[in-house]
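Some notes on the structure that comes next.
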Amino acid sequence: AQKITQTQPGMFVQEKEAVTLDCTYDTSDPSYGLFWYKQPSSGEMIFLIYQGSYDQQNATEGRYSLNFQKARKSANLVISASQLGDSAMYFCAMREDLTGGGNKLTFGTGTQLKVEL
Amino acid sequence: DAMVIQNPRYQVTQFGKPVTLSCSQTLNHNVMYWYQQKSSQAPKLLFHYYDKDFNNEADTPDNFQSRRPNTSFCFLDIRSPGLGDAAMYLCATSRAPDQPQHFGDGTRLSIL
């Protein structure tokens, strides 16, 4: 069974600083995908970044980058130049392909990020 | 422009009174998912449709049903809501199994 672990329930960062949110995973599947989602207090789930298990390079999307270390089974999210609007809950998730088609996301417990002035 | 739309944003129902939550998408994605997210917890998959094929998670209660009359719409029916069903319900879509899931804004369900 797949498992996602986020060990930081809460994080604080100062505006304009970089912050790393930790995520480790466990799976026996050779092919998998890792995602990061942002969930503000309003509740919507916003897709940030994706890393495939066979991707050679770390994924980047604007201020977001994913530090993928396959041997360590970690997929940490790095947010550069933090902004007040980055304050939210951040979920790491792993894709599991389902026999009926589509895929299932297994989510970690989340990290609540607070950006301060 | 919203691509996965959930209505209503907030829903209040009475204990035991059936309720339906709706989700529509303009992405023409093949797969639609329903997740339940209780307060301070991670989202949990209830079921998904791959085209018209319905796939139920093993631990989804029988009280929860779903319908997908066409590609664009998917409904979540809760036949007899209990207090423990109060949660945020998230709809998501994906174009293909290896592509990201795109979520709607969610419907926050309260049970009186």
statement: Flagged pairs (Cβ under 7 angstrom, 6 or more apart or on separate chains; first in segment B:27-53, touching a residue at least 12 places away in the same chain (Cβ under 8 Å) and within 11 Å of chain A (Cβ to nearest Cβ); second of a type in the set (Asp, Glu) and open to solvent by 60 Å² or more (accessible area, probe 1.4 Å)) are B:Asn30/B:Asp51
query: Tell me, which residue of segment A:24-56 that is surrounded by fewer than 13 Cβ atoms within 10 Å (Cβ to Cβ) and at the interface with chain B (Cβ under 9 Å from one of its Cβ atoms) is nearest to A:Gln112 (Cα to Cα)?
result: A:Ser42
- line: Selection over segment B:89-112 where residues are open to solvent by 10 Å² or more (accessible area, probe 1.4 Å) and within 14 Å of chain A (Cβ to nearest Cβ) yields a count of 11
query: Going through segment A:64-99 one residue at a time, which ones are facing chain B (nearest Cβ under 10 Å), surrounded by 15 or more Cβ atoms within 10 Å (Cβ to Cβ) and in a loop (DSSP other than H, G, I, E, B)?
result: A:Leu98
query: Quick one: in segment A:101-117, which of the residues that are surrounded by fewer than 20 Cβ atoms within 10 Å (Cβ to Cβ) and more than 19 Å from B:Pro100 (Cβ to Cβ) is modelled with the lowest pLDDT?
result: A:Leu117
- request: Could you list, in sequence order, all residues of segment A:10-49 that are more than 22 Å from A:Arg63 (Cα to Cα) and touching a residue at least 12 places away in the same chain (Cβ under 8 Å)?
  value: A:Tyr25, A:Asp26, A:Thr27, A:Asp29, A:Pro30, A:Ser31, A:Tyr32
- request: Examine segment B:80-91 for a residue that is part of a strand (DSSP E or B) and among the small types (Gly, Ala, Ser), and state whether such a residue exists.
  value: yes
message: Can you tell me which residue is least open to solvent (accessible area, probe 1.4 Å) among those in segment B:55-79 that are assigned to a strand (DSSP E or B), free of Cβ contacts under 8 Å to residues at least 12 places away in the same chain and within 14 Å of another protein chain (Cβ to nearest Cβ)?
response: B:Asn55
field: A:Leu21 being away from every other protein chain (no Cβ under 14 Å) and either small (Gly, Ala, Ser) or open to solvent by less than 40 Å² (accessible area, probe 1.4 Å) (or both)
entry: yes
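The values are calculated or read from the model by the stated rules, or taken from the named source; none is laboratory data. Quick caveat: nothing in here was measured; it's all calculated off a predicted structure. Positions of Cβ are backbone-derived with ideal geometry, glycine not excepted, and every protein chain shown enters the neighbour counts. SASA here: full protein model, heavy atoms, side chains in, ligands and nucleic acids out. Shrake-Rupley method; radii C 1.70, N 1.55, O 1.52, S 1.80 Å.
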